[in-house]
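Report on the following structure.
The values are calculated or read from the model by the stated rules, or taken from the named source; none is laboratory data. Model, not experiment: these values are computed from the prediction. Glycine also receives a Cβ, built like all others from the backbone with ideal geometry; neighbour counts cover every protein chain displayed. Heavy atoms of the whole protein, side chains included, go into the accessibility calculation; ligands, DNA and RNA do not. Shrake-Rupley method; radii C 1.70, N 1.55, O 1.52, S 1.80 Å.
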Amino acid sequence: MARIRDDFPFIVKHPDIAYFDNAATTLKPKCVIDAVTDYYENLSSNIHRGDYETSLITSQKYESARQKTAQFINTEAKNIVFTSGASESLNLVAYGYGKTCLKAGDVVLLNESEHASNTLPWYSLAQDIGIKVEFIKLDSNGRITETALRNAMHDDVKVVSIAHISNVLGYINDIKHIGQIVHEFGAVLCVDGAQSIGHMPVDVNELDVDFYAFSAHKMLGPTGVGVLYGKPELLKVMNPIAHGGGSNVRFNACGEVVLKEAPAKFEAGTPNIEGVIGFGAALDYLNDLGMANIHEIVDPLHKKVIDGLLEMEHVKVYNPESDSAIVSFSVDGIFAQDVAAYLNKEKVYVRSGEHCAKMLNGVLHAEKSIRLSLYFYNTEAEIQQFLEAMRTITLEKCIDLYI
Ligand SMILES: Cc1ncc(COP(=O)(O)O)c(C=O)c1O
């Protein structure tokens with residue numbers, strides 16, 4: 001573990017901080033920072049455009065990151081579109097696929113635990129072309145059951161868009177099984193993998209998903225890079241949502257445009273080159289660590305957080321049965337943001353609020369909550385630091401922060 005922690009400059013420089021906001025973004029290992037710096041110091045060129053050495057090397061590194069991404073989820077590089085993040089990837093599904101292939105009256109099925117990025121693009125499309133958005137009913141714990149999914153499916157459902165792991169409750173959805181049901185109805189399954197991809201092995205072939213969207217920065221990579229995996233036949237019929245250099249074969253003064261094949265047709269303009277190259281280094285790091293090992297490291301820590309919080313009478317845990325490293329809770333009589341501010345004073349970093357899943361309030365019966373999310377570099381000592389702060393928190397101490 002000491003070796004792992006030494007890989008992260010933030011941890012080395014701030015050993016007193018317990019960073020537990022990994023669902024928002026993870027820390028970055030030195031190899032990722034070095035890859036980004038190396039691009040600026042030694043390459044600093046655009047991709048796919050230049051015939052000089054640094055441009056050729058840059059293009060090669062960029063495409064090698066695409067290849068690594070493809071291998072990471074067991075597909076081919078041509079099925080990997082680089083975007084600016086999971087949000088843009090999901091917007092690309094809604095607007096690139098949805099606007100092209102859906103019509104007024106078609107239904108997109110969501111659920112109330114989805115992140116804004118997997119809800120608002122569909123709402124926008126509903127306003128734009130008249131599709132309808134419907135919801136799978138969550139059970140009292142906020143989970144999706146097979147019965148609820150089957151009850152929500154019907155012939156007009158053309159897309160089901162669902163998170164692999166909920167960013168508030170940490171439940172893992174059984175995507176393979178969900179996909180089988182969705183495909184029985186001839187609908188397309190889009191999976192928001194923002195919270196899963198950095199925590200568990202993902203094989204898009206085995207899961208048989210149609211789209212899989214995620215962000216690099218939640219899996220050790222730089223911010224501003226995302227991925228959309230799409231089945232080739234879907235990427236083929238989709239239209240890009242941005243147009244410009246690099247995405248076309250030719251165009252003329254009559255307005256005729258011939259686009260390149262996927263993924264190039266979706267990547268108009270100069271992309272986040274250094275970010276994609278840094279992401280390649282993040283994938284190398286995760287491969288060395290072994291994706292299957294992450295659960296083994298995180299699960300005992302997760303259990304300690306849950307057990308510790310459940311012992312505290314002043315704390316309510318919303319997802320004691322969470323399947324992954326996300327714990328959502330509140331403290332009796334203290335606003336979530338004040339709890340987070342108090343924990344900040346104790347050098348414990350968590351997130352408070354609605355976590356961009358604002359429809360979940362009704363299910364949780366809570367306006368706002370505090371979310372602690374773990375990653376493999378967290379330690380038992382950090383958890384003790386957190387639990388000690390939680391044991392001793394009082395409203396008075398929180399008020400004192402503002403005096
Ligand atoms: C489940 C889920 N989906 C989508 C997103 C959006 O990711 P990004 O902000 O990197 O685009 C997030 C980010 O928190 C998320 O947790």
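Can you pull the Kirkwood radius for the range 287-342, inverse mean 1/r over Cα pairs, to one decimal in Å? It would help to have the intermediate numbers written out before the result.
Values: mean 1/r = 0.0783 Å⁻¹.
Result for the range 287-342 stands at 12.8 Å.
Which residue, Glu382, Glu256, Glu76, tops the fluctuation ranking in a GNM of the chain built on C-alpha contacts under 10 Å?
Greatest mean-square fluctuation among the candidates belongs to Glu256.
Among all the lysines, which ones have a C-alpha under 20 Å from Lys218's C-alpha, if same-chain residues fewer than 8 places away are not counted?
The reachable lysines, counting only those whose Cα sits under 20 Å from Lys218, are Lys28, Lys30, Lys68.
Please name which of Ala242, Val327, Val298 has its Cα lying farthest along the dipole of the chain towards the positive end, using unit charges on Cβ (Lys, Arg +1; Asp, Glu -1) and the Cα centre as origin.
Of the options given, the answer is Ala242.
Under 37 °C and 0.692 mPa s, how fast does the range 1-155 diffuse according to Stokes-Einstein, given a Kirkwood radius computed over C-alpha pairs? Answer in µm²/s, whole number. Don't jump to the answer; show the numbers that get you there.
Values: Rh = 19.8 Å.
Using the Kirkwood radius from Cα pairs, D works out to 166 µm²/s.
Suppose every Lys and Arg Cβ carries +1 and every Asp and Glu Cβ carries -1, with no other charges. What dipole size does the chain come out with about its Cα centre, to the nearest 20 debye?
Values: 35 positive and 52 negative charges, 143 e Å.
The dipole magnitude comes to about 680 debye.
As I understand it, the dipole of the chain uses +1 on the Cβ of Lys and Arg and -1 on the Cβ of Asp and Glu, about the Cα centre. Which of Tyr285, Asn151, Phe211 lies farthest toward its positive end?
Value: Phe211.
Using a cut-off of 15 Å between beta-carbons, work out the net charge of the residues near Ala77 (Lys and Arg +1, Asp and Glu -1, Ala77 not included). Don't skip to the answer; put the middle values down first.
On the way: positive: Lys61, Arg66, Lys68, Lys78, Lys231, Lys260, Lys265; negative: Glu63, Glu76, Glu261, Glu267.
Charge balance in the 15 Å sphere: +3.
Summing +1 for each Lys or Arg and -1 for each Asp or Glu, what net charge is found among the other residues whose Cβ lies under 9 Å from the Cβ of Tyr39?
Numbers: positive: Lys61; negative: Asp38, Glu41, Glu274.
After counting each charged neighbour, the total is -2.
Out of the total accessible area of the chain (probe 1.4 Å, heavy atoms of protein only), what percent is carbon and sulfur? Let's see the in-between values first.
Values: 8880 of 17210 Å².
C and S fraction of accessible area: 52 percent.
What's the whole-number percent of alpha carbon pairs in the range 256-318 lying beyond 18 angstrom?
67
Quick one: accessible area per residue over the range 256-304, 1.4 Å probe, rounded to a whole number of Å²?
Details: 2110 Å² over 49 residues.
On a per-residue basis, the range 256-304 sits at 43 Å².
Net charge around Gln385, counting only other residues with Cβ within less than 14 Å of its Cβ (Lys, Arg = +1; Asp, Glu = -1)? Please list the in-between numbers first.
On the way: positive: Lys304, Lys345, Lys347, Arg391; negative: Asp16, Glu346, Glu380, Glu382, Glu388.
Taking every Cβ under 14 Å from that of Gln385, the sum is -1.
Could you rank the peptides 113-122, 169-178 by their average count of other C-beta atoms within 10 Å per residue, with the highest value first? Kindly include the intermediate steps, with their values, before the conclusion.
Numbers: 113-122: 22.9, 169-178: 19.5.
Per-residue Cβ counts within 10 Å, averaged per peptide and sorted highest first, yield 113-122, 169-178.
Along each of the three principal axes of the Cα atoms of the range 31-288, give the extent in whole Å, ordering the values from largest to smallest.
On the principal axes, the range 31-288 reaches 59, 51, 27 Å in Cα extent.
Under 1.5 on a/c is rounded, so check that first for the range 82-141, then, if it is not, pick prolate when a/b is larger than b/c and oblate when it is not; a ≥ b ≥ c are the square roots of the alpha carbon gyration tensor eigenvalues. Mind showing how you got there, number by number?
Values: a/c = 2.54, a/b = 1.17, b/c = 2.17.
In terms of gyration-tensor shape, oblate.
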